[in-house]
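Before any comments, here is the structure.
The values are calculated or read from the model by the stated rules, or taken from the named source; none is laboratory data. This one's a predicted model, so the numbers in the text were calculated from it and none came from an experiment. Methodologically, a virtual Cβ is constructed for each residue, glycine included, from the backbone with ideal geometry; neighbour enumeration extends over all protein chains shown. Accessible surface is based on the protein model in full, side chains and every heavy atom, while ligands, DNA and RNA are left aside. Shrake-Rupley method; radii C 1.70, N 1.55, O 1.52, S 1.80 Å.
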Amino acid sequence: MEVCKWVDEDIIELQAMGNLEDGFIREHFDYCKSCEARVLESRKWIEKLKRGLRDLQEAKEIRRDANDDDSNRQDES
Ligand SMILES: [Zn+2]
């Protein structure tokens, strides 16, 4: 696939997050298949990242609970 040179990764990410306010560049995504594909890729990546952060947060909480259990067990023995 031909890579579009003048739209850089920051612009792609802004567009993927829906934060791009430059109408001229936004128009570009309507006809540039290369950039459109990059936005879709970036969006997938952002979703994965968000899910990863959520999992990490949950894992931390689970570990904190597990640590509490361990200390209780040590107190009992
Ligand atoms: Zn492009």
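With 25, 12, 46 as the choices, which residue is surrounded by 10 or more Cβ atoms within 10 Å (Cβ to Cβ), modelled with pLDDT under 90 and not small (Gly, Ala, Ser)? Give the steps one after another, and end with the answer.
Numbers: 12 fails: modelled with pLDDT under 90; 46 fails: modelled with pLDDT under 90.
Among 25, 12, 46, only 25 is surrounded by 10 or more Cβ atoms within 10 Å (Cβ to Cβ), modelled with pLDDT under 90 and not small (Gly, Ala, Ser).
Considering (1) among the aliphatic types (A, V, I, L, M); (2) open to solvent by 90 Å² or more (accessible area, probe 1.4 Å); (3) in contact with a Leu (Cβ under 6 Å, 6 or more places away or on another chain), say which one residue 17 fails and leave the rest.
Evaluating residue 17 over (1) among the aliphatic types (A, V, I, L, M); (2) open to solvent by 90 Å² or more (accessible area, probe 1.4 Å); (3) in contact with a Leu (Cβ under 6 Å, 6 or more places away or on another chain) leaves (3) as the failure.
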